[in-house]
Structure formats: structure tokens, C-alpha cells
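See below for the structure under consideration.
Taken together, the values in this text are just the output of simple stated rules run on the coordinates, not laboratory data. On a predicted model such as this, the values are computed, not experimentally measured, just so you know. Quick reminder, even Gly has a Cβ in these numbers, built from the backbone with ideal geometry, and neighbours come from all protein chains shown.
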């Protein structure tokens, strides 16, 4: 009986490993979409964005105009990088910080709207997982790592060949 359970667990583990890169891609695209659309809406209506940063969002330590530029640029740039899987841990970290700042700055409104509060919590959890995960198969980080590994291998074999020629 135990051997049957172990066999089934190993089989399930194989499927989970097969699905891991797909889940990583879906999570990256979901978070990237949320933040990119938010940044895009800020960019498209800049006057309203500035008004909101002056009157509604109370970002600590930054003047509203600088906070608006940093927030909008961060959402647009790092969401695109996250979608492509480029510098994934860094991109996720920046979006995580933006999420925390947005939550803290807009806390009074979020607390009155439980769905919005849950959205920020959900995004934070997914982003935290993306910050700590290895490069997914469907990411440029993975391609860059493979390329570096090939170059190292090629360089080592080239060093051996050149030293044997001497």
C-alpha cells in the first residue's frame, strides 16, 4: 500500500514539475498586466495622475510630481521586464515595493473597499513568489543563463585546447 502511495506521489510530482514553468509564466503575465495597465492609465491622463498624487495618494518622502513620475515609470518599465522574464527578481522587487507604497499611500480608501485590499494582498503574494523563484523556462533570464553557461563551457574547453597546443 505504501509503495503504491509513493508511486502516485512521484507521478504527481512529475506533473507538478511539468506545470511549474507554465504557472511561472502565467503569474508573470498576470502581474505585468495589472501594473502595466495601471501605469498606462496614469501616463494617458497625466493631469489626473498629478492631481491624484497631490490630493489622494500621500506618498511618503517624495514630492507628488516626483512620486507620479517614479510610480508611472516603474509600473511601465518593470512590468514589461517582468512579462519578458528579464531581471525577474529585480523587476518583481520593484513592483513589490510599488505595491506596498500604493497600499500605504492609499490605505484609507483601500480599507473601505475590501476587494481592492484583497487585490493588493494577492498581488503582493504572487510578486513575493516571483522574487524568490528560479528563472522560469519561458523567460529571457533562463535564456541568458543558458548562454552564459555555454560560454563558460566553451571558454574552459578553449583554455584546455590552447594549453595543450603550447
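Residue count for segment 1-40 under the criterion of being more than 23 Å from residue 90 (Cα to Cα) and assigned to a helix (DSSP H, G or I): the result is 18. Taking the conditions (1) in a helix (DSSP H, G or I); (2) surrounded by fewer than 16 Cβ atoms within 10 Å (Cβ to Cβ) in turn, residue 99 satisfies each one other than (2).
From the list 130, 76, 81, 121, the lone residue that is exposed (fewer than 14 other Cβ atoms within 10 Å of the Cβ) and either touching a strand residue (DSSP E or B) at 6+ places or on another chain (Cβ under 8 Å) or assigned to a helix (DSSP H, G or I) (or both) is 121.
Taking the criterion of being surrounded by fewer than 15 Cβ atoms within 10 Å (Cβ to Cβ), in contact with a helix residue (DSSP H, G or I) (Cβ under 7 Å, 6 or more places away or on another chain) and part of a helix (DSSP H, G or I), the residues of segment 41-64 that qualify are 43, 54.
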